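Please read the structure below before turning to the comments.
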Amino acid sequence: MSSNLLFLIIYTLLAIATAGGMLFASYLLGPRRNRELKDTPYECGMPILGTARERFSVKFYLTALAFLLFDIETVFLIPWAVVYKSLGVTGLVEAVIFILILAFGLYYIWERGALEWD
Amino acid sequence: MNGFDFASIMAISPEIALLLTAIAVITADICIGKAGRKCCTAGAACKPEETASSTEISSIVMPFICMTGIAISWYFMYNLWNLHAVNGAKYFSNAIVVDKFGLIAGFVVTVAAFLTALSSTGYAKRMKIDFGEYYGLIMLASAGMMFLIKGNNLIMLFLGIELTSLSVYALTAISKHREESTEAAMKYFILGAFSSAILLFGMAFMYGATGSIEFGQMNAVPTNRFLYFIGIGMMLLGLAFKIGAVPFHMWAPDAYQAAPSAISSFMAVGVKTASFAALLRLLFTSLIHTSHMWYQVPWMLAVLTVLLGNLTAISQTNIKRMLAYSSIAHTGYILIGVTACMGVGYSTGLTAPMSSILFYLAVYALMNIGAFAITMHLGREDKDFDEISGYAGLAHKKPLLALAMAIFMFSLAGIPPMGGFMAKFYIFRSAIQNGYIWLAIIGIIGSIISVYYYLRIVVLMYMKPAQTEEQFESDQSQWGLHFTLFATAAGLLILGLLPGDFVQYAIVAVKELL
Amino acid sequence: MFNPTNCLILSILLFAIGAYGVIAKRNILIMLMSVEIMLNAANLAFLTFARLYNDPTAHVFVLMNMAVAAAEVAVGLALLICVFRHKKSVDSTKLNLLKW
């Protein structure tokens, strides 16, 4: 117990020392030229267009709702996955039926244009 | 095989048929209507005649898919009815029970769905709600009701209620360009979700007190009376909301008034039938042994519901809102029957009141669908014909329609020889037989009040002149509505004059439940 | 370690908070959230009893409830957007077209 803890402490100290050492070394050795361009998020990329804390358009609500529904359905697949060996073919067939129903849902929102936002 | 054999599949085959119909109808709408919709969204290269024809086809085809699916589910129900070995058997780890009680209630629900689909043939197009979702949600709601009726544990009860309610919330708002529709749906949703949460919390405590969620198993003596009491109270509260009993009725008038009439009648009939069937199954298979804890609830609800529903209906000027309050009053009459079930010892005198409840639900389905179908028939553009004063002089312009309306109104008021009279007669008789004479008297007082507002419409139709000339012009072929009106009116007369057969079936069914 | 009474008290408190939110608040979004809190309170009660009885049935119930709650939120938010498009508001007192 205590030896495990000791290793953990040593490991943590080593990790902190490595990371801190690297930062300190780059602080010591690195050249420092402060320009405005250096402070932009994408130094070598696109010029930024605006702030990242933007409101999302309400037209994404359909995507969000669809995500919510499909996301929560995994709640049924996880227990199935845990015991699927003991369920055998029956369990597989049932899960396939379940996923087919979900796939129909996806087909439906796709055809109805809920996934297009332009 | 754990619950996945042929017999289990057959046990829920009617529901599977309904669910597959929902999928089929939406697929049909997507596939046929695709060309039309693509044009409309693209805007520029739209050939109007092509759009019109493809949506035309899909709006004609969809109700027929629904009716076919319901017919198939009837076939499966008929099979189950004939398989005597199956009756009362439980499937899927005792989650589903197949008995004649459930089959009869399920038949009433699917008849309501069938008539809704039938009367939507021309109606949905006129109301601009002829999407695949409209029919798909009707099918999903009826499947939910069937599961609610057949459910034998709390999970199925809750899932059935939620599947039904969520579909019905969406159907209430189906004409989403109308402000009052979305508003009513929002109110209905908030109150409905609130009551579902209460119901669920009650179920949790019920489970805590009895250690089981199965209907048959919950009648062990509760280990903890406090938990049991909370559980029963909250479950009854949630279910009272779903059946629309006063004081939990406030959603009903708004929802019935603002939804399209086809949906209002489906909602009133289907949700009520399914919820009452589930309530009866819950109360009399698993809670009856503790009836000393809750026997006051049904009669209190019954008295309040009968009196308040009828008194408020008098002052309505909108016929759909009036029918909503009348449906609340009818909930009250059925609650009188529920109370009558408890007047005598368990399972000795239970058959008469419970079979009379089933009979009442069937009759109520016919008369309510008929009355709402009249408002659909006379409506123009995307409105229903819902001003009561507008019915003045209908008999002179459209005598047959006025006759049908008179039949529905007489039946709702409970005047012989209509089905409504026999239904009320059975309910009140069983109440009197089981020692609730005063409750029957309250019911009769309520019926007398109701005669005023039902017959007011008949008087308007037959004795007043029409307000304007072209008031009753309806602008397209409505054979589906004609057929619905004929079927419901004929059904009411048959059930009123020859109620024996259905009552026999109901008695057989109820005996199996107990 | 496991104290069912505390869990039940927590679930009753959550339920009361949710019920208060539905009854007292005027913002429909907050009412929806409160309903979700009530459902989760029920789930907590289920899990408490499941732990108490060592019975997996209630776990199944809770899984179902989670899916139902998600579906309910989806329908509720869709209706809310419908309402918002008409009224430009999510205030429940603005739902006043229909009365009596």
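Bear in mind that the values in this text are calculations on the coordinates, not laboratory data. A quick note: this is a predicted structure, and the numbers were derived from the prediction, not measured. Ideal geometry is used to build each Cβ from the backbone, glycine not excepted, and the neighbour counts take in all protein chains shown.
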Among B:Ile213, A:Thr63, B:Ile448 - extreme Cα towards positive end, dipole of the protein assembly as shown, charges at beta-carbon:
B:Ile448
Dipole axis of the range A:2-111 (+1 Lys, Arg; -1 Asp, Glu on Cβ), positive-most option in A:Thr90, A:Leu106, A:Leu5
A:Leu5
With at most 16 other Cβ atoms within 10 Å, longest stretch of chain B clear of loop GluC sites (Glu not before Pro) (DSSP)
B:1-380
Convert 25 °C to kelvin, take the viscosity as 0.890 mPa s, use the Kirkwood radius over C-alpha pairs of the range B:375-443 as Rh, and evaluate the Stokes-Einstein diffusion coefficient in µm²/s, rounded to a whole number.
171 µm²/s
Can you give the calculated 222 nm mean residue ellipticity of chain B, where each DSSP H run of n ≥ 4 adds -39,500 (n - 2.57) and the sum is split over every residue, rounded to the nearest 500 deg cm²/dmol?
-25000 deg cm²/dmol
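Sort B:Val168, C:Val62 so the one with the fewest other Cβ atoms within 10 Å of its own Cβ comes first.
C:Val62, B:Val168
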Shielding by partners - mean other protein chain Cβ count within 10 Å, residues of C:9-22:
2
Fewest-first ranking of C:Ser34, A:Ser86, B:Ser265, using other Cβ atoms within 10 Å as the exposure measure:
A:Ser86, C:Ser34, B:Ser265
Taking the inverse of the average 1/r across all pairs of different Cα atoms in the range B:124-171, what Kirkwood radius in Å do you get?
11.1 Å
Report, to two decimal places, the Cα Rg of the range A:2-111 normalised by 2.2 N^0.38 Å (N = number of residues).
1.98
State to the nearest 20 debye the size of the charge dipole of the range B:295-514 about its Cα centre, where the only charges are +1 on K and R beta carbons and -1 on D and E beta carbons.
560 debye
Assuming a ≥ b ≥ c are the square roots of the Cα gyration tensor eigenvalues, decide whether the range B:189-288 counts as rounded (a/c under 1.5), prolate (otherwise, with a/b larger than b/c) or oblate.
prolate
Students often get this wrong, so check it: of B:Lys150/B:Lys320; B:Lys176/B:Lys320; B:Lys176/B:Lys383; B:Lys125/C:Lys94, which have C-alpha atoms separated by over 22 Å?
B:Lys150/B:Lys320; B:Lys125/C:Lys94
With θ set to phi - 60° and the Karplus curve 6.51 cos²θ - 1.76 cosθ + 1.60, what are the ³J(HN,Hα) couplings of the range B:255-270 in order, to the nearest whole Hz, using x for Gly and Pro?
5, 5, 6, 8, 6, x, 4, 4, 6, 4, 5, 4, 4, 4, 6, x
On average, how much area does the Cα convex hull of chain B cover when viewed from any direction, in nm²?
23.6 nm²
Dipole axis of the protein assembly as shown (+1 Lys, Arg; -1 Asp, Glu on Cβ), positive-most option in B:Met203, B:Val25, B:Val363
B:Met203
Starting from the coordinates of the alpha-carbon atoms of the range C:4-94, obtain the Kirkwood hydrodynamic radius over all distinct pairs and give the value in Å to one decimal.
14.3 Å
Debye log10 I(q)/I(0) for the protein assembly as shown, one point scatterer per Cα, at q = 0.05, 0.10, 0.11 Å⁻¹
-0.28, -1.01, -1.21
Between B:Glu387 and residues 5 or more places away or on another chain, which pairs have amide H atoms under 5 Å apart, with H built 1.01 Å from N, and which residues are they?
B:Ile319
Starting at 0 and stepping by 10 Å, how many percent of the alpha carbon pairs of the range B:297-409 end up in each bin?
13, 36, 28, 16, 6, 1
What does the average come to when, for each residue of peptide B:310-322, you count the partner chain Cβ atoms lying within 10 Å of its Cβ?
1
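Does the range B:107-228 come out rounded, prolate or oblate, given a ≥ b ≥ c as the square roots of the eigenvalues of its C-alpha gyration tensor, rounded meaning a/c under 1.5 and, failing that, prolate meaning a/b above b/c? Please report the intermediate quantities before stating the final value.
Values: a/c = 4.60, a/b = 2.03, b/c = 2.27.
Oblate is the answer for the range B:107-228, as a/c is 1.5 or above yet b/c matches or exceeds a/b.
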Please turn the phi angles of the range C:85-99 into ³J(HN,Hα) values with the Karplus equation 6.51 cos²θ - 1.76 cosθ + 1.60 (θ = phi - 60°), one per residue in order, whole Hz, x for glycine and proline.
5, 7, 9, 6, 6, 10, 8, 5, 6, 7, 7, 10, 6, 10, 8
Using only the alpha-carbon atoms of the range B:342-393, report the extent along each of the three principal axes, biggest first, to the nearest angstrom.
54, 18, 16
No solvent, one uniform scatterer per C-alpha: report log10 I(q)/I(0) for the range B:258-331 via the Debye equation at q = 0.12, 0.20, 0.27 1/Å, two decimals.
-0.43, -0.92, -1.19
Estimated FRET transfer efficiency when R0 is 22 angstrom, pair A:Phe104-B:Phe483 (beta carbons, to 0.05)
0.10
With runs of 4+ DSSP H residues as the only contributors, calculate the mean residue ellipticity of chain A at 222 nm using -39,500 (n - 2.57) per run, divided by the residue total and rounded to the nearest 500.
-24500 deg cm²/dmol
Likely footprinting exposure, C:His59, B:His482, B:His330, fewest C-beta neighbours within 10 Å first
C:His59, B:His482, B:His330
Estimated inter-spin distance, B:Tyr78 and A:Phe7, nm [label 7 Å along Cα→Cβ]
7.4 nm
Could you list the square roots of 5 times each eigenvalue of the Cα gyration tensor of the range B:295-514, that is, the equivalent ellipsoid semi-axes, sorted largest first and rounded to whole Å?
34, 19, 13
How big is D for the range C:45-100, in µm² s⁻¹ as a whole number, if Stokes-Einstein is applied with the Kirkwood radius of its Cα pairs at 25 °C and 0.890 mPa s?
174 µm²/s
